[in-house]
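The values are calculated or read from the model by the stated rules, or taken from the named source; none is laboratory data. Only a predicted model underlies this, so the values are computations on that prediction, with no experimental measurement involved. Heads up, the Cβs are rebuilt from the backbone with ideal geometry, glycines too, and the neighbour counts pull from every protein chain shown. Surface areas here come from the heavy atoms of the whole protein model, side chains and all, with no ligands, DNA or RNA. Shrake-Rupley method; radii C 1.70, N 1.55, O 1.52, S 1.80 Å.
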Amino acid sequence: MGIKAALPKYEIYFYNTVLCLAMFWATSWIFEVSSSNANRKTFKTSVKPGWYYFGRKMETADFEWLMWFSTFRDHIIFALSGHVLFAKICSMLAPQYRSLVYMVYGLLAVWTSMGWTYVTLILSHCILLYSISLVKIRWLCFVTGLCTLATFKCEPFISWQAGFVEGDFELRPVFFYGGCGFTVMRCTSFALENCERKDGNYNILELLKYNFYLPFFYFGPIMTFDKFYVQVNRCDLTRKEREMWNINLQGVIHLIVIIVVDILFHFMYILTIPTDLKLMKHLSDWALVGLAYFNLVYDWVKAAVMFGVINTVSRLDHLDPPKPPKCITMLYVFAETHFDRGINDWLCKYVYNYLGGKHENMVEELVATLCTFGITILWLGPCQVVLIWAFLNCFGLNFELWTAKFFSVEPFSSFEMAMSEAMSRRIRAIFNTFNFWSIVLYNVLALNSLDFAKLVAKRLLLKGFPITTIIVMFVTYCLIQVIKEQERRQALIDDPDPLPPAPPPNAAISPTTSATAPTGAQPVADPSKEKAE
């Protein structure tokens, strides 16, 4: 079945209607639970007085969101505004030195926020991995990078290195782990790219420019060194048509999303409710399913906004940063599941695609996924929840390949060839429905807790069977078809179907004329027909 397989319009309208009604119904349940339990004892630490205009309490359970857009908003805006200002001045006066200005400003900003001992610690890791990269042995660079990353995940190395940080402020641990973790990943990317370079080595100054680019330093996203090096050293700084308009529009959209999320925090406590298991056991099936789904949607919105703000700044610096993560609403295959596209690109480039090849051999795919999720476990920090999450996602990714291989052989391939494209799309959507909820449950496990994931799974598959299970799966099936329809339209835009060939110019000539034409005359090829073919 091709991605361009179409369904009747009335069927697509029906799917959209069912989906909208289901979303509205689940939202109403969560709103009712949030309103009736706003004064609950277990909510006191995370539900506090909100905006005066609404007269309602506001959820404050997410530290990252508060850090970015409330508590330390002014500090972050001040630091990024200074970067944009100095970068703009340098781009106008001496564009060939702009990467050096990025590095100096980033180095001074890190020094000011974390102290000179922290800068020394970061420089020591950069020098270590740069020295190893000069040997140009790929596996040695990789092992060194992983061992260095492991020193920030286990004792006593964590405590010893944390002692290099000066001051005692709230963002100290966030800056420490964020800056060190992303530094190791960037230095490893630099070392691996240096191994691939045939003529000489990159200068250590290029590594420092790459690592101390302030917008990416503490919170990412990660841009691999090969892309950063080409873009930051580009001399032609002319922009495309309407590029600045798109950058400004992106900034306005992020501002609107931030305001909308803060407003919704007054009416839906989607992060606080899952922490109260006693309350959860008394909720309806629709409220539980809606909570699981909206938790993932919120996490995507948060990642998209935070990375989007940073990406807007980097686009002002004439860079092309990693795109925001794909919305969880649009995911129904494990191969596209990620919440940080920068880390995903890094893992795909250096591990998954490098070991998996064309991803057709099941043994190579298994080895590639095991290594990829092994590094992901190290990046996130080994613990029970992360290990379970990695195992389930690794299994899901391989199971997709095994299923595709199984149904590509006879007699299944003949069955699909015999049916219409629309029917094939419907059958595939049924399998994608179960895949979608596997992705939801696996990631709810990582974002919330094991107990919450267990409760949702039991209510959806056991206690709610068959009524809740069938209804939720049918609504999910409608969602999958809506996603496939959007993918079909995008595919038609990216790769439009060829136009039918134009009729030959002599088609209107009468039979008498054609009969009297010289027999030796050769037909003239129609250029439009050749182009269509």
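Among the residues of the range 268-326, write down those that are in contact with a strand residue (DSSP E or B) (Cβ under 7 Å, 6 or more places away or on another chain) and among the aromatic types (Phe, Trp, Tyr). Reasoning before the result, please.
The first filter runs over the range 268-326 and keeps only residues in contact with a strand residue (DSSP E or B) (Cβ under 7 Å, 6 or more places away or on another chain), leaving 269, 271-272.
Matches in the range 268-326: 269 only.
Return the pair list, or none, for Cβ contacts closer than 8 Å from residues in the range 397-421 that are open to solvent by less than 60 Å² (accessible area, probe 1.4 Å) to residues that are not in a helix (DSSP H, G or I), at least 6 apart or on different chains.
400/333; 401/359; 416/1
Starting from residues that are part of a helix (DSSP H, G or I) and among the polar types (S, T, N, Q), keep the ones in the range 222-254 and report whichever is least open to solvent (accessible area, probe 1.4 Å). Let's see the steps before the verdict.
Quick first cut of the range 222-254, residues part of a helix (DSSP H, G or I) only: 225-232, 243-254.
Next, from what is left, pick out any that are among the polar types (S, T, N, Q): 231, 246, 248, 250.
On the way: 231: 27, 246: 71, 248: 89, 250: 42 Å².
Among them, the one singled out is 231.
Does residue 219 satisfy being closer than 28 Å to residue 344 by Cβ, touching a helix residue (DSSP H, G or I) at 6+ places or on another chain (Cβ under 9 Å) and assigned to a helix (DSSP H, G or I)?
On the way: closer than 28 Å to residue 344 by Cβ: yes; touching a helix residue (DSSP H, G or I) at 6+ places or on another chain (Cβ under 9 Å): yes; assigned to a helix (DSSP H, G or I): no.
No; evaluated as a whole, the condition is false for this residue.
Quickly run through the range 148-171 and pick out the residues that are open to solvent by less than 60 Å² (accessible area, probe 1.4 Å), of a type in the set (A, V, I, L, M, F, W, C), assigned to a helix (DSSP H, G or I) and modelled with pLDDT under 85.
158, 162
Between a residue in the range 259-284 that is part of a helix (DSSP H, G or I) and open to solvent by 20 Å² or more (accessible area, probe 1.4 Å) and any residue that is modelled with pLDDT of 90 or more and among the aromatic types (Phe, Trp, Tyr), which pairs come within a Cβ distance under 7 Å, given they are 6 or more apart or on different chains?
Taking only residues 6 or more apart or on different chains, not a single pair turns up.
Which residue pairs have Cβ atoms under 7 Å apart, sit 6 or more places apart or on different chains, and have a first residue in the range 358-382 that is farther than 30 Å from residue 179 by Cα and modelled with pLDDT under 90 and a second that is open to solvent by less than 80 Å² (accessible area, probe 1.4 Å) and outside any helix (DSSP H, G or I)?
Filtered contacts from the range 358-382: 364/357; 365/359.
Which of the residues that make up the range 122-147 are of a type outside the set (A, V, I, L, M, F, W, C), in contact (Cβ under 8 Å) with a residue 40 or more places away in the chain and in a helix (DSSP H, G or I)? Let's see the steps before the verdict.
So the first thing to find is which residues in the range 122-147 are of a type outside the set (A, V, I, L, M, F, W, C), and the list is 124-125, 130-131, 133, 136, 138, 144-145.
Narrowing the set further to residues that are in contact (Cβ under 8 Å) with a residue 40 or more places away in the chain leaves 125, 130, 133, 136, 138, 144-145.
If the condition is that a residue be of a type outside the set (A, V, I, L, M, F, W, C), in contact (Cβ under 8 Å) with a residue 40 or more places away in the chain and in a helix (DSSP H, G or I), then 125, 130, 133, 138, 144, 145 are the ones that fit.
Yes/no per residue for (1) within 18 Å of residue 178 (Cβ to Cβ); (2) modelled with pLDDT of 90 or more; (3) open to solvent by 40 Å² or more (accessible area, probe 1.4 Å); (4) assigned to a loop (DSSP other than H, G, I, E, B):
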{"position": "310", "(1), (2), (3), (4)": "yes, yes, no, no"}
{"position": "325", "(1), (2), (3), (4)": "yes, no, no, yes"}
{"position": "332", "(1), (2), (3), (4)": "no, no, no, yes"}
{"position": "339", "(1), (2), (3), (4)": "yes, no, yes, yes"}
{"position": "351", "(1), (2), (3), (4)": "no, yes, no, no"}
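Evaluate the range 160-173: report whether one residue or more is under 19 Å from residue 379 (Cα atoms), of a type in the set (Gly, Ala, Ser) and under 23 Å from the mean Cα position of the chain (by Cα).
no
Residue by residue, here is whether (1) part of a helix (DSSP H, G or I); (2) in contact with a Cys (Cβ under 9 Å, 6 or more places away or on another chain); (3) of a type in the set (A, V, I, L, M, F, W, C); (4) over 15 Å from residue 128 (Cβ atoms) holds:
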site	(1), (2), (3), (4)
176	yes, no, yes, yes
183	yes, yes, no, no
194	yes, yes, no, no
202	no, no, no, yes
205	yes, no, yes, yes
208	yes, yes, yes, no
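Is the range 71-86 home to any residue that is under 30 Å from the mean Cα position of the chain (by Cα), open to solvent by less than 60 Å² (accessible area, probe 1.4 Å) and more than 18 Å from residue 113 (Cβ to Cβ)?
Among the residues of the range 71-86, not one is under 30 Å from the mean Cα position of the chain (by Cα), open to solvent by less than 60 Å² (accessible area, probe 1.4 Å) and more than 18 Å from residue 113 (Cβ to Cβ), which makes the answer no.
Looking at the range 1-25, which of the residues that are more than 17 Å from residue 480 (Cβ to Cβ) and of a type in the set (A, V, I, L, M, F, W, C) is least open to solvent (accessible area, probe 1.4 Å)? If you could, list the steps in order and put the result at the bottom.
Going residue by residue through the range 1-25, those that are more than 17 Å from residue 480 (Cβ to Cβ) are 9-10, 24-25.
From what's left, of a type in the set (A, V, I, L, M, F, W, C): 24-25.
Working: 24: 150, 25: 120 Å².
Per the stated criteria, the residue is 25.
How many residues are open to solvent by less than 40 Å² (accessible area, probe 1.4 Å) and under 30 Å from residue 27 (Cβ atoms) if we restrict to the range 312-323? I'd like the intermediate steps shown before the answer.
If we filter the range 312-323 for residues that are open to solvent by less than 40 Å² (accessible area, probe 1.4 Å), which is where we start, we get 312-314, 317-319, 321-322.
Applying the additional criterion that residues be under 30 Å from residue 27 (Cβ atoms) yields 312.
Adding up the residues that qualify gives 1.
Please list, ordered by first then second residue, the pairs with beta carbon atoms under 6 Å, 6 or more apart or interchain, first in the range 26-38 and closer than 13 Å to residue 264 by Cα and touching a residue at least 60 places away in the same chain (Cβ under 8 Å), second open to solvent by less than 20 Å² (accessible area, probe 1.4 Å) and not in a helix (DSSP H, G or I).
34/269
For the range 470-485, enumerate the residues that are within 12 Å of residue 286 (Cα to Cα) and either open to solvent by less than 20 Å² (accessible area, probe 1.4 Å) or touching a residue at least 60 places away in the same chain (Cβ under 8 Å) (or both).
472, 475
Hey, does the range 414-426 have a residue that's within 23 Å of the chain's Cα centre (by Cα), closer than 18 Å to residue 331 by Cβ and part of a helix (DSSP H, G or I)? Don't jump to the end; show me each part of the working.
Initially, the range 414-426 is screened for residues within 23 Å of the chain's Cα centre (by Cα), giving none.
Checked against the condition, which is being within 23 Å of the chain's Cα centre (by Cα), closer than 18 Å to residue 331 by Cβ and part of a helix (DSSP H, G or I), the range 414-426 yields no hits at all.
Kindly indicate the residue of the range 285-298 that is under 18 Å from the mean Cα position of the chain (by Cα) and over 17 Å from residue 256 (Cα atoms) and also surrounded by the most Cβ atoms within 10 Å (Cβ to Cβ) among those meeting that condition. Don't jump to the end; show me each part of the working.
Filtering the range 285-298 down to residues under 18 Å from the mean Cα position of the chain (by Cα) leaves 293-298.
The next check asks that each one be over 17 Å from residue 256 (Cα atoms); those that pass are 293-296.
Numbers: 293: 24, 294: 20, 295: 22, 296: 21.
Among those that are under 18 Å from the mean Cα position of the chain (by Cα) and over 17 Å from residue 256 (Cα atoms), it is 293.
For the range 353-385, give me each residue that is open to solvent by 60 Å² or more (accessible area, probe 1.4 Å) and part of a helix (DSSP H, G or I).
353, 354, 355, 362, 363, 364, 366, 367, 370, 380, 384
Can you tell me which condition residue 208 does not meet? The list is (1) farther than 23 Å from residue 340 by Cβ; (2) in contact with a Phe, Trp or Tyr (Cβ under 8 Å, 6 or more places away or on another chain), and all the others hold.
(2)
For residue 114, which of the numbered conditions (1) at pLDDT below 90; (2) open to solvent by 20 Å² or more (accessible area, probe 1.4 Å); (3) among the aliphatic types (A, V, I, L, M) fails to hold?
(2)
Just to be sure I understand the filter: pairs with C-beta atoms under 9 Å, separated by 6 or more residues or on different chains, first member in the range 45-70 and free of Cβ contacts under 8 Å to residues at least 60 places away in the same chain and of a type outside the set (A, V, I, L, M, F, W, C), second member open to solvent by less than 60 Å² (accessible area, probe 1.4 Å) and assigned to a strand (DSSP E or B). Which pairs pass?
Pairs that qualify, where the first residue is free of Cβ contacts under 8 Å to residues at least 60 places away in the same chain and of a type outside the set (A, V, I, L, M, F, W, C) and the partner is open to solvent by less than 60 Å² (accessible area, probe 1.4 Å) and assigned to a strand (DSSP E or B), are 48/58; 48/59; 49/58.
Just one of (1) open to solvent by 10 Å² or more (accessible area, probe 1.4 Å); (2) touching a Lys or Arg at 6+ places or on another chain (Cβ under 6 Å) trips up residue 132, so point out which.
Going through (1) open to solvent by 10 Å² or more (accessible area, probe 1.4 Å); (2) touching a Lys or Arg at 6+ places or on another chain (Cβ under 6 Å) one by one, residue 132 breaks only (2).
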